[in-house]
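Read through the structure below, which is laid out as structure tokens, and then see the notes.
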Amino acid sequence: MVHFLKPSDPFDYVICSSGAGIIDWQKQEVIRAINLPEELTSRLILYLISNKYNFKVSDKFPDNHNFFWWKDHECPEIDRYIEHHAKMGHSEEIVPGGIYNSSQLLLYFEKQDNLAEKHVSHFDQVKEELLNQFPEISIIRTTSPLNENWLWMEIFPKGISKAHGIAEICDLKGIHQTETFGIGNDFNDLEMLDFTYLSYVVHNSPQELKDKFQISLPHHENGFSHAVRKHLKKGKG
């Protein structure tokens, strides 16, 4: 993401990689970088290979635009991922037994229109399996931005989330939780939206999120600015 921002952009802090990294944008300095330990990354890779998963391993933050991948069987989503993200950094096939630094691992799950509930159950089953085997990790679910018929399982160090990143900035700047505002569009925003005092989702978010939070316009109709303007007007009143 930071490759699309300019140092002159008017941000104080930028939270990256679902909270694994925080950048003081005015100073252009990384003030938080939490990565998976090398030993844990190695165990995860061997486990995923032995259980025949397709997955990718991001390099440690802030070099996480570079990644390594493993393809056990045919999977159009990992092909899409490699093709799209290889334009942004270096990509390389995983060598079993190799040593890798990592900020995140990613698994791919296909949706099927008539089997959505079964599919989610499979995701939850794999999540439970991994958390039992590796209590040192956190798992976040997100809809693929490349193809909405796929889900991604993001594996981070335990405790990593956008909510934790926001909480850290609040502590740093003395901001109370009641002064926070959040807007999201998918399941990987859930912890953040539970944390922020005013929480919105854009109209093209999954229904499960729209049932829980306030709804703004779709993202392509300026959903973010619409929600912000709404509360700025309330403040003036």
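Using only helices, what value at 222 nm comes out for the chain when you add -39,500 (n - 2.57) per DSSP H run of length 4 or more and divide by the total residues, to the nearest 500 deg cm²/dmol?
On the way: 7 runs with 77 residues, N = 237.
Mean residue ellipticity, 222 nm, calculated: -10000 deg cm²/dmol.
How large is ³J(HN,Hα), in whole Hz, for each residue of segment 93-107 in order, when computed from phi with the Karplus curve 6.51 cos²θ - 1.76 cosθ + 1.60 and θ = phi - 60°, using x for Gly and Pro?
5, 5, 9, x, x, x, 9, 9, 8, 8, 9, 6, 10, 9, 10
Using alpha-carbon pairs under 8 Å, 6+ residues apart, how would you state the relative contact order of the chain in percent?
Relative contact order comes out at 14 percent.
State the label only: which of [x] -0.31, -0.69, -1.24; [y] -0.27, -0.63, -1.30; [z] -0.32, -0.74, -1.46 corresponds to log10 I(q)/I(0) by the Debye sum over Cα atoms at q = 0.08, 0.12, 0.17 Å⁻¹ computed from the shown model?
Derived directly from the coordinates: [z].
What length, rounded to one decimal in nm, is gained on full extension from N222 through to F4, with 0.36 nm per residue of separation minus their alpha-carbon distance?
Gain on stretching N222 to F4: 76.6 nm.
Quote the FRET efficiency, to the nearest 0.05, computed for D194 versus R43 with a Förster distance R0 of 30 Å and r equal to the Cβ-Cβ distance.
0.50
Please give the length that would be gained between V30 and H90 if that part of the chain were fully extended, namely 0.36 nm times their separation in residues minus their C-alpha to C-alpha distance (nm, one decimal).
Full extension from V30 to H90 adds 19.5 nm.
For D211 and K71, calculate 0.36 nm times their separation in residues minus their Cα-Cα distance, and state this gained length in nm to one decimal.
Here the segment from D211 to K71 would lengthen by 46.7 nm.
Show the residues, 5+ positions off or on another chain, whose built amide H is closer than 5 Å to the amide H of F61.
S103
Quick one: what are the phi-derived ³J(HN,Hα) couplings along segment 132-147, Karplus 6.51/-1.76/1.60 with θ = phi - 60°, whole Hz, x for glycine and proline?
5, 7, 10, x, 7, 10, 10, 10, 10, 9, 8, 6, 4, x, 8, 7
What are the residues whose amide H is under 5 Å from the amide H of K111, where those residues sit 5 or more places off or on another chain and H is modelled from the backbone?
W150, L151
Provide the per-residue ³J(HN,Hα) series for segment 191-201, in order, calculated from phi with Karplus coefficients 6.51, -1.76, 1.60 and θ = phi - 60°, each as a whole number of Hz, with x at glycine and proline positions.
5, 4, 5, 5, 7, 5, 5, 10, 10, 10, 10
Quote the charge dipole size of segment 176-237 about the Cα centre in Debye, to the nearest 20; the model charges only the Cβ of Lys and Arg (+1) and of Asp and Glu (-1).
It works out to roughly 520 debye.
Using a/c under 1.5 as the rounded threshold, could you call segment 38-157 rounded, prolate or oblate? The axes a ≥ b ≥ c are square roots of the C-alpha gyration tensor eigenvalues, and prolate needs a/b larger than b/c, oblate otherwise.
oblate
Just so you know, all these numbers are worked out from the coordinates, no wet-lab data involved. From a predicted model like this one, the values you see are computed outputs, not experimental measurements. No Cβ is skipped: glycine too gets one built from the backbone with ideal geometry, and neighbour counts run over all protein chains shown.
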